[in-house]
Amino acid sequence: MRNKYLYITLLALLGVTPELLAQSKIQYAPRLVVTVTIDQLRTDYLEAFSPLYGEDGFKRLMKQGRVYPNASYPFSPIDCTSALASLATGVTPYYHSIVGEQWLNRETLRPVTAIGENKTADNLSTSTLGDEMKLSTQGKAKVYAVAPSAAAAVMSIGHAADAAIWIDEVKGSWQTSEYYLKTTPEWLLAFNYLHAPKANIENLQWEPVIELAGTFNYYQHAAAEQKPFKHKFTGNDRYTQLMASGMVNQYVTDMAQHLVTQTTMGFDRVTDLLAVTYYAGTYLHKDINDCQIELQDTYVRLDRELARLMKSLEEKLGSEHVLFVVTSTGYSDTESSEYDRYRIPTGTFYMNRTSNLLNMYFGAIWGQGRWVEACYDSQLFLNHQLLESKRVSLTDAGQRAQEFLSQLSGVRNVYTGLQLLTSTSELTQKTRAGYNPQRCGDIIIEVSPGWKVLNEDTHQTRQQRASFTPFPIVFYGATIHADTIYEHVTTDRIAPTVAKSIRIRAPNACSSEPLF
């Protein structure tokens, strides 16, 4: 008793009140970090469909989270794979090397995928947030990913994770690879038997989940009513169809919940990481004008899945122990536009023809030969061996290519790889950040906005747009206080922010400062 009075007296002399003492309790790091990356999520669609949402999904995040509504990626071009790799590493493709889902192998001149046939993270050149969590805890942290596709799952966690889990688009079952697990765990096999897409794909039908479908439209000029849709997933590519629909997110949530339970993630004071990827693109990657109601329903369903995921994890672990980080992959499928119909400048830029023209131009200067070995996307690959044998420097070839190609219709800018490696100009900053010398061509062509880029060999086409399409970054849960910060921010600051909140190092190439 005497010691108790002495303790109280000392606190009084030091000016420490019981209230101040209560506030000074140690705040532990969250037990579970859940990164939710929504493929193709857009702020304009998110806001437009808000009257259809419940109170526990997007609305809860936007009201109670720390929200950055005007976010973007600091590099270009972007796709789902390069975006997820950038979120996980806190850097751009210039450093982490994942320039897209595919790129051209310089040696074979054939396309290769980011994760290869064995579904590994070997092509990722830097550490990820999940890797650093493993390193800082001597392997004790649990790190998992759940996504519709293998590339999304692998790139969202990286090298040292316990497992990346995705839907096999041929078999319709959840799977991982030997890169992470030598044998498939029993709980995953059991889950597949009862709850994998293959278990009910024959009876699955996608139709609007709410009665308002068809009477509420994003586009003001759309008809007052549109016929509700009904889609079945059939044929040999039925699981690919499912993965490009609003129905796939329900399966992702089911697996994420089951995974947390079976692996006891978040049940001790060692922070764990669960990386979840949802889909918010158009149905079968169609033009928005061909599937407006499907997109609307996708957002409504996504709102419900977010609510379901957050509620289940908070009930299991306590809201103070879970940190949610929600953002987008920052791009959207190409929207076809009838620019020529309304006399808006447009055209088609043919990469194969451009490659042949440049080859003929070089031939007229230095003699016949295969000066341009290949083209891929909007990049040209020069024949380094031929240049060397003819004693033509790569710098000279690049400068001549710039002079020649810049005169072609539809060309806005032409960059050389050497120029991007040494450039400090703000005008080339995003292009440089998306460039990697081992994975990209020697000549990068930027076509004018409104023009289409067409590769006649692969039949790939995309329409160039330079407009800014914002998306949000939201931190919610744990000790996060509600706030909305309208300044423009970039996604490379997410990883160091999470690292700071759980008191570990940021990924090894990340130099961006935390958001808070």
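A few comments on the model shown:
- Any hit, the range 405-427, residues being part of a helix (DSSP H, G or I), in contact (Cβ under 8 Å) with a residue 40 or more places away in the chain, touching a Ser or Thr at 6+ places or on another chain (Cβ under 7 Å) and open to solvent by 40 Å² or more (accessible area, probe 1.4 Å): no
- Screening THR346 on (1) closer than 22 Å to SER448 by Cβ; (2) at pLDDT 95 or above shows it passes everything except condition (2).
- Within the range 111-119, not a single residue is part of a helix (DSSP H, G or I) and polar (S, T, N, Q).
- Condition met for LYS171 (of a type in the set (Lys, Arg) and more than 26 Å from THR240 (Cα to Cα)): no
- Screening the range 180-198 for residues that are outside any helix (DSSP H, G or I) and open to solvent by less than 70 Å² (accessible area, probe 1.4 Å) and picking the one that is nearest to ASN249 (Cα to Cα) gives ALA196.
- Pair list, Cβ under 8 Å, 6 or more apart: the range 48-68 residue closer than 16 Å to VAL474 by Cα and among the basic types (Lys, Arg), other residue part of a loop (DSSP other than H, G, I, E, B) and at pLDDT 95 or above: LYS59/TYR53; LYS63/ALA482; ARG66/ILE480; ARG66/HIS481; ARG66/ALA482; ARG66/ILE485; ARG66/PHE516
- In the range 116-169, the residues that are of a type in the set (Val, Ile, Thr), more than 18 Å from MET255 (Cα to Cα) and either over 18 Å from the mean Cα position of the chain (by Cα) or crowded, with 19+ Cβ neighbours inside 10 Å (or both): THR126, THR128, THR137
- Looking only at residues of the range 66-87 that are part of a helix (DSSP H, G or I) and open to solvent by 10 Å² or more (accessible area, probe 1.4 Å), we find that the one that is farthest from GLY281 (Cα to Cα) is LEU87.
- Subset tally (residues that are in contact with a Gly (Cβ under 8 Å, 6 or more places away or on another chain) and crowded, with 22+ Cβ neighbours inside 10 Å) for the range 452-473: 1
- In the range 376-408, the qualifying residues are those that are of a type in the set (Ser, Thr, Tyr) and closer than 27 Å to GLU456 by Cβ, and the one that is farthest from the chain's Cα centre (by Cα) is SER406.
- In the range 375-395, residue nearest to ASN455 (Cα to Cα) [restricted to those that are open to solvent by 50 Å² or more (accessible area, probe 1.4 Å) and part of a helix (DSSP H, G or I)]: HIS384
- Residues that are part of a loop (DSSP other than H, G, I, E, B) and either touching a strand residue (DSSP E or B) at 6+ places or on another chain (Cβ under 7 Å) or under 29 Å from THR261 (Cβ atoms) (or both) within the range 125-147 comprise SER127, THR128, THR137, GLN138, GLY139, LYS140, ALA141, LYS142, listed in sequence order.
- Considering only residues in the range 428-451 that are under 30 Å from ARG341 (Cα atoms) and not aliphatic (A, V, I, L, M), the one that is least open to solvent (accessible area, probe 1.4 Å) turns out to be GLY450.
- Test: ILE494 is open to solvent by less than 30 Å² (accessible area, probe 1.4 Å), over 30 Å from THR346 (Cβ atoms), within 19 Å of the chain's Cα centre (by Cα) and in contact (Cβ under 8 Å) with a residue 12 or more places away in the chain: yes
- Single condition LEU295 does not satisfy, out of (1) closer than 30 Å to SER86 by Cβ; (2) open to solvent by 10 Å² or more (accessible area, probe 1.4 Å): (2)
- Some residue of the range 46-65 being within 13 Å of the chain's Cα centre (by Cα), modelled with pLDDT of 95 or more and surrounded by 22 or more Cβ atoms within 10 Å (Cβ to Cβ): no
Per-residue answers, yes or no, for (1) within 28 Å of GLY100 (Cα to Cα); (2) among the aliphatic types (A, V, I, L, M):
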site	(1), (2)
ASN356	yes, no
MET360	no, yes
GLN379	yes, no
HIS384	yes, no
SER389	no, no
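- Across the range 333-374, the qualifying residues are those that are part of a loop (DSSP other than H, G, I, E, B), under 24 Å from GLN464 (Cβ atoms) and free of Cβ contacts under 8 Å to residues at least 40 places away in the same chain, and the one among them that is most open to solvent (accessible area, probe 1.4 Å) is ARG343.
The values are calculated or read from the model by the stated rules, or taken from the named source; none is laboratory data. Given the structure is predicted, the values throughout are model-derived calculations rather than measurements. When we count neighbours, we look across all protein chains shown, and the Cβ atoms used for this are built from the backbone with ideal geometry, even at glycine. The area values use the complete protein model at the heavy-atom level, side chains included, leaving out ligands, DNA and RNA. Shrake-Rupley method; radii C 1.70, N 1.55, O 1.52, S 1.80 Å.
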